[in-house]
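K.L.:
Can you keep this structure in mind? I'll have questions shortly.
The values are calculated or read from the model by the stated rules, or taken from the named source; none is laboratory data. Just so you know, these numbers come straight off a predicted model, no measurement behind them. All Cβ positions, glycine included, derive from the backbone under ideal geometry; neighbour counts span all protein chains shown. Quick note on the areas: whole protein, heavy atoms, side chains included, nothing else; ligands and nucleic acids left out. Shrake-Rupley method; radii C 1.70, N 1.55, O 1.52, S 1.80 Å.
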Amino acid sequence: MARVVVDVMLKPEILDPQGKAVHGALTRLGFDGVASVRQGKRFEIELDGEATPEAVAEVERAASTLLSNPVIEDFVVRVEAGV
């Protein structure tokens, strides 16, 4: 069994109101030195078998069609080691 992680983030040019809200809350709570916050999504996908190139390609296809909105979001797919 293998685990593949998909991290989805808004593209840099897209405004992130949730990130702005978290940044404001951190400042109000006294957390100094935080320049900005961007919020995203993380998906952990357990595969039945090994993380073969074909299986990872299928996860990438799922990420581009279901897990992310490619118009406003970028994603990164990676295989977690030692799972």
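K.L.:
In the chain, what percent of the accessible surface is made up of carbon and sulfur (1.4 Å probe, ligands and nucleic acids excluded)?
P.N.:
For the chain, the apolar C and S fraction of the accessible surface comes to 59 percent.
K.L.:
How high is the relative contact order of the chain, in percent, counting Cα pairs under 8 Å that sit 6 or more residues apart?
P.N.:
With pairs under 8 Å counted, the relative contact order is 53 percent.
K.L.:
Same structure, new question: Please give the length that would be gained between Val34 and Val71 if that part of the chain were fully extended, namely 0.36 nm times their separation in residues minus their C-alpha to C-alpha distance (nm, one decimal).
P.N.:
10.5 nm
K.L.:
Further question: Treating only the Cβ of Lys, Arg, Asp and Glu as charged (+1, +1, -1, -1), what charge dipole size does the chain show about its Cα centre? Round to the nearest 20 debye.
P.N.:
500 debye
K.L.:
Still on this structure: Taking only protein heavy atoms and a 1.4 Å probe, what accessible area per residue, in Å², does the chain have with all protein chains in place?
P.N.:
69 Å²
K.L.:
Now, a different point. What's the angle, to the nearest 10 degrees (0 to 90), between helix 53-62's Cα axis and the longest principal axis of the chain?
P.N.:
50 degrees
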